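Here the structure comes first, spelled out in structure tokens, and everything after it is commentary.
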Amino acid sequence: MNLHEYQSKIRFSEFDIPIPKGKVARSPQEAYEIAKELGGPVVVKAQVLTGGRGKAGGVKLAQTPEEAQQRADEILGMDIKGHKVLRVLIDQASEIKTEIYLGVTNDRAARQPLIMASAEGGMDIEEVNRVSPDKIVREHIDPFLGLRDYQIRNLAYGIELPRELWKQMMQIARGLYRCYVESDATLAEINPLIIDGSGNLLAVDGKMSIDDSALYRHPELAELRDTSAEPAAETQARAAGLSYVKLDGEIGCMVNGAGLAMATMDMTKLFGGSPANFLDIGGGAKADKVAAALRIILADPNVKAVLFNIFGGITRCDEVAMGILTALDEVKVDLPMVVRLVGTNEEEGRRLIDEAMIPHMVSAATLADAAQKAVAAARSA
Ligand code: GDP
Ligand code: MN
């Protein structure tokens, strides 16, 4: 789960990282009020879960509250890389002398957290890494030792940070690493960390990604999730305990198990179709879960056929069959459906489906058979 800039920065400030004074506005009027309260020039910043907002025109300076209102009016409602701007952050504007990059991430290959700094801040760090990787100073962190002071000095030295700022850098880097660890983050990044007009370090932009699997330990972070920034189907899927990713194809897939779901998607592609989604209803999925999954699949207008591929292990095929029938009681489906049920209680499952005599539903014996039938059905639909 990604946090918005304003959320990341509030979190940073709890770990002794200096951030500009600011507040979030949902309307131009609110932007005006906040700018007035802050006094002096402000920066109006689109709060969307994507980078490069500056380049896209989503970050604008304003000298007066009136101008802040106008900039907010322009930015609110804007579309930035497919993200609609619903909120703007109004921050006290800073004079920028230098833009630095500072970030902590998880280096899977090294099996360690990695802290990185660069004098080429403000820009997309992936771009810096591509063009001039030598401009990024890296220190791997032993999780048992934590981030050591000498490592922070290495970073400061590597980016040629003026000596008088090393002490501030110590505090910020320690804070950022602690924030990363204590938030179960996969990324905590300040870009840019600036040297401001008075010669101090200040975190002007922030980004955090939190490990979804750890969110149960951080209810205060979990509630920061911006559901308006994600497709409604993903919100519903999460509420129902399903793993769901929307894709662009036309075959809605309902599968139990992530591996089987991937294999099912591959199979539809192999036979010339394309999956509308990844959907893992999980082990032991009961009727209500299956019904929720079916509703989510059917809400996608691109779906032309539905493919159920269920391997009964912990999940019992008769339970899934009941789920399908329950869902079909609630939701009218005019689309062709292909069902493959194998494993625990498969005869019982198939019997339930057959006896219900659902129109447009056919059964399949193997995965290949099911995929072929679904592709053919989607094509003729
Ligand atoms: P991003 O483009 O999504 O990464 O958004 P940022 O918050 O990093 O802003 C982009 C750029 O806008 C920064 O790199 C700065 O150059 C500039 N910027 C952001 N805040 C301020 C500010 O307070 N004052 C000035 N002068 N420039 C700013
Ligand atoms: Mn930035």
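Values in this text are rule-based calculations from the coordinates and carry no lab data. Every value quoted in this text rests on a predicted model; they were computed, and no experiment measured them. Because the Cβ atoms are built from the backbone with ideal geometry, glycine has one as well, and the counts that use them run over all protein chains shown.
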Any residue on another chain or 5+ positions along whose placed amide H is under 5 Å from the amide H of Gly52 is listed here as none
Amide H proximity to Leu187 below 5 Å, modelled H, separation 5+ or other chain, gives Ser209
Output for the range 146-240: trypsin sites (Lys or Arg not before Pro) sitting in coil per DSSP, at most 13 other Cβ within 10 Å, listed by number, reads Arg148
Partner aspartates and glutamates whose C-alpha sits under 13 Å from that of Lys97, ignoring same-chain residues fewer than 8 away, are Glu120, Asp196
In the neighbourhood of Lys36 defined by beta carbon distances under 11 Å, the net charge of the other residues (Lys, Arg +1; Asp, Glu -1) is -4
If R0 = 41 Å, then Val181 and Val342, at their Cβ-Cβ distance, give a FRET efficiency to the nearest 0.05 of 0.40
The chain, Gaussian network, Cα under 10 Å: of Ala276, Ala263, Ala185, the residue fluctuating most is Ala263
Over the chain, the sum of -39500 (n - 2.57) across DSSP H runs of at least four, divided by residue number and rounded to 500 deg cm²/dmol, gives at 222 nm -11500 deg cm²/dmol
For Ile80, other-chain or 5+-apart residues with amide H closer than 5 Å (H placed, Pro excluded) are Val85
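What net charge do the residues around Pro359 carry, taking every other residue with its C-beta under 15 Å from that of Pro359, with Lys and Arg at +1 and Asp and Glu at -1?
Charge balance in the 15 Å sphere: -3.
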The extension gain from Arg163 to Asp124, computed as 0.36 nm times the residue separation minus the Cα-Cα distance, is 11.4 nm
Of all lysine pairs in the range 21-92 that are eight or more residues apart or on different chains, those with Cα atoms under 16 Å apart total 11
The answer for the net charge of residues other than Gly58 whose Cβ lies under 11 angstrom from its Cβ, with Lys and Arg +1 and Asp and Glu -1, is +3
Computed ³J(HN,Hα) along the range 18-29: with the Karplus parameters 6.51/-1.76/1.60, θ = phi - 60°, integer Hz and x for glycine or proline, the list is x, 10, x, 5, x, 8, 8, 10, 10, 9, x, 4
